[in-house]
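Written below as structure tokens is the structure these notes are about.
The values are calculated or read from the model by the stated rules, or taken from the named source; none is laboratory data. From a predicted model like this one, the values you see are computed outputs, not experimental measurements. Surface areas here come from the heavy atoms of the whole protein model, side chains and all, with no ligands, DNA or RNA. Shrake-Rupley method; radii C 1.70, N 1.55, O 1.52, S 1.80 Å.
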Amino acid sequence: MAEIVVVGAGPAGINAAERLCAHGHRVVLVDEGRQAGGQGYRRPSPGLDLDMAAVMGTEAGKYEALHARFARLLPQIDYRPQTLVWAVEDHVLHLVQAGVASTLRFDALVLATGAMDKIAPFPGWTLPGVFTLGGAQVALKDQGCLVGRRVAFVGSSPLLALAAAQYSKLGGKVVTIADTTPFVRKLAALPALALSPRALWRGLSYLGGAMLVGVPVLHGVTPVKVVGDGHVEALILRDRRGRERRFPCDAIALGYGLKPETQLAELAGATLRFDEAFRLWLPQCDADGRAAPGLYLAGDGAAIGGADAAEASGGLAALAVLADLGELVDEGGRLALRRRLARLRGFQKGLAKAFAWPVAQIRALPDEVMLCRCEEVRIGEIRQAMAQQLGPVEINRVKAMTRCGMGRCQGRVCGPALQEIVAGTAGIAGEQAGRLRAQAPVKPIALAVAGEAP
């Protein structure tokens, strides 16, 4: 029997494991989280009495259904929560759980690693009280906490309105939803957004609900700075007419959409290519998720698509594993999943236009803005290092000279903005700047754990 490992217990990983188990395989499901569900369908901490139906809103039914499915699946799998996969080599995963290192061999590996916030810095963004949008949602879902009493939601993402609605339902005051993408870009993206009418309507309802209760919803803004003495006190924006506006607040949720967690895929042999729509380096795979021999990618870790797309891609990855093992699969079902996934990812391409990565704003940031929080590297230091005739312009060379991207997050936070600063300073296209290469450990581990690893 083939040894099959699925990494990630969100919608993609759960669906992949379900289909594989249905064909008689015993799957090892490895998950960094404490409980299954991923980020979107995260369970509250045990013992916390939180009204998840109110938090999830129209997605409450899907939330409950996913967790009910996982409860039925659990006896059939080897489930390993709170387990970090920190390296992949020669069909072997390197794991750490509760401080103990181990390895896990596989014949087929399905990576459903999910995504994280994509962040664009601006003056004052490192002040206490500024959270990533995903971080603000984790605090709410996992701990039942609001990050502040008066919260500004800033960036360019459909999740801004969703998170703002969740905060409002649980008693938070939303002082503004401020989007850096002009409204005309959203109108231009409507044909692509119409590929998923339900999701489009849901997003419009969140924005409409905010406007009905008097929340200022702004488009085409430029974040100017965060004001505060040791903590967030106000957000200053420049609106589309060039006027500066001040919003008193005690917290800011900042997000520019999501970026796939591709580090393990790269270490496992996937090839990455630059996607101009998302301005990200994404792993290449076929229609069913095959990325390399024995490697299959699913969910937002392969390409941003949302929970429904993640579930469809998880099913396709499982079918690809089965087909490669020589087992019969339902061709009609596979074609239906392919069509569904293509439609949902087409919708996400529309979202990438409607909620654009602010290239010009990032490249115009002043020198004093902190780019890499881990190593405390400012944008001016990047530009100064590049002016020293470093030779060929390449992002990893810039990293080596400045330490930008060498800290705890390994460039997962600062990487996309660093790429724009490097490209803008050199006067080249974003793709030409290259990408920060993945290396083990993909996330921090204790030196003792690395020394004990088999």
How high is the relative contact order of the range 385-454? Use alpha-carbon pairs under 8 Å, at least six apart in sequence, and give a whole percent.
33
For q = 0.09, 0.13, 0.16 Å⁻¹, what log10 I(q)/I(0) does the range 302-454 give under the Debye formula with an equal point scatterer on each alpha carbon and no solvent?
-0.47, -0.81, -0.95
Semi-axes (Å, rounded, descending) of the ellipsoid equivalent to the range 80-233 per its C-alpha gyration tensor are 35, 22, 16
Taking the 0 to 90 degree range and rounding to the nearest ten, how far is the long axis of helix 60-73 tilted relative to the main principal axis of the chain, both from C-alpha atoms?
30
Evaluate 2.2 N^0.38 Å with N set to the residue count of the range 1-123, then give the Cα radius of gyration divided by it.
1.16
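On average over all directions, what projected area in square nanometres does the range 367-420 have, based on the convex hull of its Cα atoms?
Orientation-averaged projected area of the Cα hull: 3.2 nm².
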One can check that the equivalent ellipsoid of the range 71-110, built from the alpha-carbon gyration tensor with semi-axes equal to the square roots of five times its eigenvalues, has lengths in Å, largest first, of 20, 15, 7
In Å², and per residue, what accessible area does the range 368-431 have when probed at 1.4 Å with the other protein chains present?
45
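Which number comes out as Rg/Rh for the range 335-384 once both Rg and the Kirkwood Rh are worked out on C-alpha atoms?
Radius of gyration over Kirkwood radius for the range 335-384 works out to 1.32.
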Hey, what's the Cα Rg ratio for the chain versus the globular rule of thumb, 2.2 N^0.38 Å?
0.97
Specify the inter-centroid distance of the range 399-437 and the range 19-86, based on alpha-carbon positions, in whole Å.
34
To make sure I understand the rule: partners must be lysines, Cα under 24 Å from the Cα of Lys399, and not fewer than 8 residues away in the same chain. Which ones qualify?
Lys118, Lys259, Lys443
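Based on alpha-carbon positions alone, could you give the equivalent ellipsoid semi-axes of the range 194-245 from the gyration tensor, as √(5λ), descending, whole Å?
Largest first, the range 194-245 gives 29, 14, 11 Å.
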Considering the alpha-carbon set of the range 177-335 alone, what are its Rg and its Dmax in angstrom?
20.9, 64
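Please compute the volume of the convex hull spanned by the alpha-carbon atoms of the range 309-366 and report it per residue in Å³.
98
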So what's Rg/Rh here for the range 263-328, counting alpha carbon atoms and using the Kirkwood radius for Rh?
0.98
Of all accessible heavy-atom area on the chain, the percent that carbon and sulfur account for (1.4 Å):
54
Excluding same-chain residues fewer than 8 positions from Lys349, which aspartates and glutamates have a Cα within less than 12 Å of its Cα?
Asp275, Glu276
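Give me the one-decimal Kirkwood hydrodynamic radius in Å for the range 201-277, with the sum taken over alpha-carbon pairs. Provide the component values of the computation, followed by the final result.
Working: mean 1/r = 0.0619 Å⁻¹.
After inverting the pairwise mean of 1/r, the radius is 16.2 Å.
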Unit-weight point scatterers at every alpha-carbon of the range 89-164, Debye formula, q = 0.27 1/Å: log10 I(q)/I(0) is -1.39
